[in-house]
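Working notes for the structure below.
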Amino acid sequence: MGFLSNHFGYLTMTEEQRTVSLANAYPFDHPATRTKPTPTHSASLAAFNSNRERAIRLPEVKRITGLGTTTIYELMGQGKFPKNFSTSAKAKAWLESEVQDWLSRRAATRNAA
């Protein structure tokens, strides 16, 4: 540590100089260079995220619906529950919006009866 620290003057720097030095060395990952999003940026980011679909895995589908694994797959086989899709060679997921729509339709039948 001695040669490099003294060579670059790190030991003789003030805390403020060290912060600026670190910000220049790591410009994308340092608190001194982070900016807060503007309201316009936040609004456009929220709009962007609201238009995106979210894939959810089986544990979350079970949590949202309150159904067990067997029931979910039985209903899928009968065409009464949204179908899952492959996200990788071994992973399956559902679109959150389809699961939420299914749940809303189930709740609507309760109100109609």
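The values are calculated or read from the model by the stated rules, or taken from the named source; none is laboratory data. Every value quoted in this text rests on a predicted model; they were computed, and no experiment measured them. Counting neighbours? That spans all protein chains shown, and the Cβs are built from the backbone with ideal geometry, glycine included.
When residue 113 is tested against (1) surrounded by 10 or more Cβ atoms within 10 Å (Cβ to Cβ); (2) modelled with pLDDT under 95, just one condition goes unmet, and that condition is (1). Please enumerate the residues belonging to the range 87-113 that are over 19 Å from the mean Cα position of the chain (by Cα) and under 17 Å from residue 57 (Cα atoms). Of everything in the range 87-113, those that are over 19 Å from the mean Cα position of the chain (by Cα) and under 17 Å from residue 57 (Cα atoms) turn out to be 89, 90, 101, 102, 103. Given (1) more than 22 Å from residue 54 (Cβ to Cβ); (2) touching a strand residue (DSSP E or B) at 6+ places or on another chain (Cβ under 6 Å), where does residue 79 come up short, assuming only one miss? Exception for residue 79: condition (2). Cβ-Cβ distances below 7 Å connect the following pairs, each with a first residue in the range 79-95 that is part of a loop (DSSP other than H, G, I, E, B), a second residue that is of a type in the set (Gly, Ala, Ser), and a separation of six or more residues or different chains: 84/93; 87/55; 87/93.
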